[in-house]
Each structure stands twice: as C-alpha cells, then as structure tokens.
Amino acid sequence: MALEGEKKRWPAAAGLSAMTRRGALTRLGRLFLAAVAVGAALADYGRRGRALAATAIRPPGALPEPEFLAACVRCGLCVRDCPYDTLRLAEMGEPVPVGTPFFLARDIPCEMCEDIPCVKACPTGALDPALTDIKAADMGLAVFVGVDRCYSFNGVGACRACFIACPVKGEAITMELLVKDGRSVFLPTVHAESCTGCGKCEKDCITEEASIKVLPRRLAQTDTGLAGRHG
Amino acid sequence: MDKIVPAPFGKWLILRRLCQFGILALFLASPWLGVWLLKGNLASSLVLERLPLTDPFIALQSLAAGHDLAATAVLGALIVAGFYLLVGGRAYCAWVCPINPVTDAAAALRRAFGLRATWKLRRQTRYWIAAAVVVASAVTGTIAWEVINPITMLHRGLVFGMGAAWVVVLAIFLFDLFAAKHGWCGHLCPVGAFYGVLGSASLLRVSAVRRDACTHCGDCFHICPEPQVINPALYGGASGVSPVITDRDCINCGRCLDVCGEDVFQFTTRFGAGHAPSSKQKNERANQK
Ligand code: SF4
Ligand code: SF4
Ligand code: SF4
Ligand code: SF4
Ligand code: SF4
C-alpha cells in the first residue's frame, strides 16, 4: 500500500478498496516469488556457512556439524560458563558460521573440566547432555604435523611438551621410540580412540608453528580403519 | 505542506529507551558485577542463573530444522511466548529489540528532513518472509534466519563482540532512511512478523478511548510506525468498531499516547475501555461525512 497515501486516507473508513482487491492476486503471486527467493538465498548462504575453518574446534559434546547448526541458537551460554574463557562466539567475517561457539586450541585450549560446565549451560542440546565423562569428548583429533620441526622427532632434544600437556597422557598420546638415520628419536603419537581434541598439546608445543594440531574429526579422521593403525 | 513534527520526546519514548538500553546494560554489566543478572543473549538467556528465556521464533526454526530441542529451551520459549501474549507480541519490537532504536532514528531523520521518497513495499511481505524462513529451516536443516538476523547479530555483537556485524545494521539504517519509510521493521522483518502473529490475541493494547476528542490533527499518524492500525480504532466509531487497536501490527510503543494533544489514546486491555459512542455522537459523525 502506498505509504504516502496513509496520511490522506485517515478519515476514510478502513477496508480494502476495489482497486487493491483487483491487484490482490498478482500481488500474492509476486509475494510468493519473493518469499521463495528469500528462502532460496538463505538456504544457499546457510549451506556455505557450514564450511568451518579447519582450526575452529567446537565445544565438547557438540553434535555433528549439520545437526549442530539445527540446534545451536548461538546464545553464548556455553561461552559464559567456561571457566577458562576457552570458547567464544564467531564474529561476522570469521570463517565460522556467525555467532556459533568455537575455540582455537593454539590460543586457549579446552581444559577438560570434570563437570563440563559448557555442556551443562547449553539450553538446546546442541552440546549433547549425554556427554557426562569429559574423557569421552570428541572435539577433534590431534594430528602430528611437525615432521620438519618437532624437536623430539628431530632428535635435537626430548621435548615432550605435548605429552606432558595431555590430560589423558599415555592413552591419547604416547612418545614412540623410533630409530631414524641411525639415531633414536621420539615420535609424538596420537591414539584416535582416546584423544578428545582438547588441544592442550597444540597449545604447549614449543615450535613456532605448532607441530601437533587439533583438527575436526571430519578432516583428521575420515577412515576409521586407517586412522586406528596410526597408533 | 510538511507538518511540524510534534515533540520528539514523551514519557513512553523515554521509558522504552530505558527498557531497551536497560536490558542491554544488564547483559553487559553482569560479567563486571560478577552477578549474572542476565546471561547469554536475546536468542537464549538465563535470568539470575535460574529462569531460562528463549526466543520462540528461533526455537520454532530449530524444531523445523529437525532438532529435538532440549527441555530448557522449550521452557524458555514458552515463558517468552506467554509473556508476549500478555504484553502484546510486538511489544518485543518497541521495548526489547535493539534494531528498533536504529530504525526509529532513521524514521526521525526522515521526519526532520522531510524525506518522503519511498519504495512502495507491502506490509504483508514480512509474513511471507517469516513463512519462508521456517520453510528454509526445514529444507536446509539449519536455523535459517540466524545466518543473517540483524537483531541477534547486533545484540550478540554488543555483548560478545561485533566483527563486521555493524555493516548489516548500517545497511538497515540506510535502507530505512533513503529507500523505504519504515522499510525494515514495517515491511520486511520476519521476527517482528512472528511476534505480531504471536500477539494477535494479546491482552495489553492501545485504545483510542477518547476518540471523540480527536481533532484530526494527524499527529499520531505521523509518528506511528504502523499507521494503518490506527484508522479503524480512531475513526471506526460510526460503524461501531471498538476503539481498541487490535491489529497485530501495533507494536505497543505508546508514541501515539505521547504525541496526541487531546489524550485520545491509552493503554488498556483488549477487552477494556470499549467506550461505545452514543447514538448522538454517531449521528454527528455521520453528518460530518
Ligand atoms: S570442558 Fe571446560 S575448558 Fe573445556 S570448553 Fe568446556 S568449560 Fe571450557
Ligand atoms: S550454549 Fe548451546 S545453544 Fe548456546 S551457543 Fe553454546 S552450543 Fe549454542
Ligand atoms: S593428544 Fe592433544 S588433543 Fe588429544 S587429548 Fe591429548 S592433549 Fe588433548
Ligand atoms: S520489526 Fe524486527 S527489527 Fe524491527 S523492532 Fe521488530 S523485531 Fe526488531
Ligand atoms: S498505534 Fe500507537 S502504540 Fe501502536 S504502533 Fe502506532 S504509535 Fe505505537
């Protein structure tokens, strides 16, 4: 309806004029098309929003990414209840769906709180309340990427920072003795079935670019059989 | 031909701004105070670490997307929905939504500078967009509107960190200022549309209780963001239409109360203050025509 007309119309009785009625059908059609266009654009944009940066790790208990985006209302209650300020909400422009919670292990890893306050805080179930044992969390998987720089693997020193950092050391990560070029070296070795993806190892790695990095499972472990053999 | 704009301030406008910014202030101050008066954001929050609140439109999209929403969020959405059933669905727009001050500012500038050029959008479009959003949620399995929702983007931005979200807010401001009068909130926003539908049967309403005193100055029409809602209540006396504004588009902002020199308008319940005009008044009105 013409906005400018509203002023002139005021003393007239309310109701549709014959003219607006005549246009009603074409108008409905146009509105319907507009609605479809809006829906399609949103659907497309939403799908692209699913592409999550490789370094962005979801909080413990997060549903698999597609379900997570159906569940998380982006309220930040998990962020607020994390005692270590690990989590934050993606800001617009970051390569994470806007407003959703994530963490960067190299900045602040997850400290694997026994009582998992982030999961308790979540009102929607986007962080699955079925997760009650933090050691069963599956935020991602640590992957050794330091063939060229890890001090343990170079044989420069027995650094073990990642091993020491790991809250489930001995299970999730072990230092495997190898003989490389006639020298004894240690390979930080992640065991996929025990690693929670907390990122403590990545955080504490002493090389400038971390030699061990947590990746979302979908990137780090696409084939369960092969990944298991790594350990 | 331009009317002199009535006093830009009034009791209800001041109360409304206090409410809007007060809510924001509670979210912002809580971490500093160390007392969680309000925690979270407008999508979902906790009052005093106890009472859960969830935006029912977001909850609806989550359900449409196929998520089995946890009990806390469902309870929160019911509480919020119940509240707006009492105070008027779009009271959310006038008293809570952080975009409202932005679009109000655009409207005020339009009035101040006499900007009249406007695209002719349909007031109905927002309802279609709201429906499209729910369908898009079901089809994509995501909470579709949250990808772009300027309301939660601005609010989340202010409470948690803005990023580039201000671009969206600026776009809405410029759109309302230069492209379409009351363009966003009055024609496009599906959140306002949802709350409007939610509040279709709401209790608290504005009523033109003293419509017989109306001098036809038009001040209320000029200030009202949804002027089409006033017409039947203010001028429907002759045809026996109740003075209560029952149109779901009314945002219960109270601006009409503020600007009316004759105190025609009042907040009432939808059942209250149904001053039917006497037959004498009816005749007078008929004669005026
Ligand atoms: S488990 Fe603890 S440290 Fe890790 S994200 Fe949750 S609250 Fe934060
Ligand atoms: S608490 Fe749950 S719904 Fe809220 S941001 Fe965190 S994961 Fe999403
Ligand atoms: S190996 Fe790394 S990511 Fe995995 S549990 Fe240990 S410290 Fe956490
Ligand atoms: S119409 Fe939408 S943006 Fe405008 S005040 Fe209402 S909810 Fe907020
Ligand atoms: S009728 Fe009055 S209360 Fe309703 S939207 Fe218009 S100015 Fe606000």
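The values are calculated or read from the model by the stated rules, or taken from the named source; none is laboratory data. In this text, all values refer to a predicted model and were calculated from it rather than measured experimentally. Neighbour counts run over all protein chains shown; Cβ positions are idealised from the backbone, glycine included. Keep in mind that these areas ignore ligands, DNA and RNA; they rest on the heavy atoms of the full protein, side chains included. Shrake-Rupley method; radii C 1.70, N 1.55, O 1.52, S 1.80 Å.
Listing for the model above:
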read-out	value
Extreme residue, surrounded by the fewest Cβ atoms within 10 Å (Cβ to Cβ), among residues of the range B:171-186 that are in a helix (DSSP H, G or I) and either β-branched (Val, Ile, Thr) or within 14 Å of ligand 5 (Cβ to nearest atom) (or both)	B:172
Count of the range A:47-87 residues which are open to solvent by 20 Å² or more (accessible area, probe 1.4 Å) and either of a type in the set (Asp, Glu) or within 7 Å of chain B (Cβ to nearest Cβ) (or both)	8
Whichever residue in the range A:88-109 is surrounded by 24 or more Cβ atoms within 10 Å (Cβ to Cβ) and not hydrophobic (A, V, I, L, M, F, W, C) and, among such residues, is farthest from the other protein chains (Cβ to nearest Cβ)	A:109
Complete set of residues in the range A:178-222 that are under 15 Å from residue A:167 (Cα atoms) and assigned to a loop (DSSP other than H, G, I, E, B)	A:191, A:192, A:193, A:194, A:195, A:196, A:197, A:198, A:199, A:205
Matching option when the condition is closer than 24 Å to residue B:59 by Cα, near ligand 4 (Cβ under 10 Å from one of its atoms) and among the aliphatic types (A, V, I, L, M), among B:168, B:197, B:159, B:191	B:191
Complete set of residues in the range A:92-106 that are free of Cβ contacts under 8 Å to residues at least 40 places away in the same chain, assigned to a loop (DSSP other than H, G, I, E, B) and more than 13 Å from the chain's Cα centre (by Cα)	A:93
Any hit, the range A:150-171, residues being under 19 Å from residue A:196 (Cα atoms), assigned by TED's automatic domain parsing to the domain that holds residue A:187, crowded, with 23+ Cβ neighbours inside 10 Å and in contact with a helix residue (DSSP H, G or I) (Cβ under 7 Å, 6 or more places away or on another chain)	yes
Counted residues, the range B:227-269 - those being more than 14 Å from chain A (Cβ to nearest Cβ), buried (at least 23 other Cβ atoms within 10 Å of the Cβ) and within 16 Å of ligand 4 (Cβ to nearest atom)	4
Given (1) within 14 Å of chain A (Cβ to nearest Cβ); (2) of a type in the set (A, V, I, L, M, F, W, C); (3) surrounded by 16 or more Cβ atoms within 10 Å (Cβ to Cβ), index of the condition residue B:115 fails	(3)
